[in-house]
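Inspection log for the structure reproduced underneath, given as structure tokens.
Derivation of every value follows stated rules applied to the coordinates shown; laboratory data play no part. From a predicted model like this one, the values you see are computed outputs, not experimental measurements. FYI the Cβ positions are ideal-geometry reconstructions off the backbone, even for glycines, and counts take in every protein chain you see.
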Amino acid sequence: MNKIRGEITVGRFQIPYRLFGEGNRFLVCVNGAQQTMAAWRPVVTYFSRDYRLLLFDFPGQGRAQIISGSAVVSLDEQVEVLHQVLAAQNVPEKSIVAGASWGGVVVAVFASRFSPTGGQNNIGQFWHPGKRKVGAGDQRRPTIEWYCNRGTGRRRNHQVLRPASKRRLQKENV
């Protein structure tokens, strides 16, 4: 699995990021309060063949550093960190940006501010960035449910993201 490590400076913060996977589509995972990139390991393992996964730590979490100023990090600053991390990695607009817990709030505010259609094309909320039981038996997978806008103004609630099948990729010409 490909893995790229890096850091960017956003205002008064030093933000570490990791880029995993080999797919053509992006899945951006946004931490909840007091989570780090490590929380996304099961998601990376499960989706890295079909997606490029972008992870980062918010200021005051994990390896991120507050270079100057107060230890308090506002919602506006977190939204700007997300915006700059996506810009630094040239994440396409039609990517899935999904947050866990507080990360979902940051993603929603980001989408309302920076998407030309008034909402990110694919906004996700992880039920849990780890594994959860789905279906019968002991089969456990990371589960993402998201709201899709796709520029139509319609929301399709509670779609479950799964690794893409070859047939679906060919159908979507990805």
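Below is a table of values for the structure above.
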{"quantity": "Built amide H within the under 5 Å cut-off of residue 13, gap 5+", "calculated": "67"}
{"quantity": "Protection proxy ranking, peptides 68-79, 17-28, average beta carbon neighbours within 10 Å, highest first", "calculated": "17-28, 68-79"}
{"quantity": "Cβ crowding within 10 Å averaged over residues, with 87-93, 101-107 ranked highest first", "calculated": "101-107, 87-93"}
{"quantity": "3J(HN,Hα) from dihedral phi, segment 73-84, Karplus parametrisation 6.51/-1.76/1.60, rounded to Hz, x for glycine, proline", "calculated": "10, 7, 4, 4, 5, 5, 5, 5, 4, 4, 4, 5"}
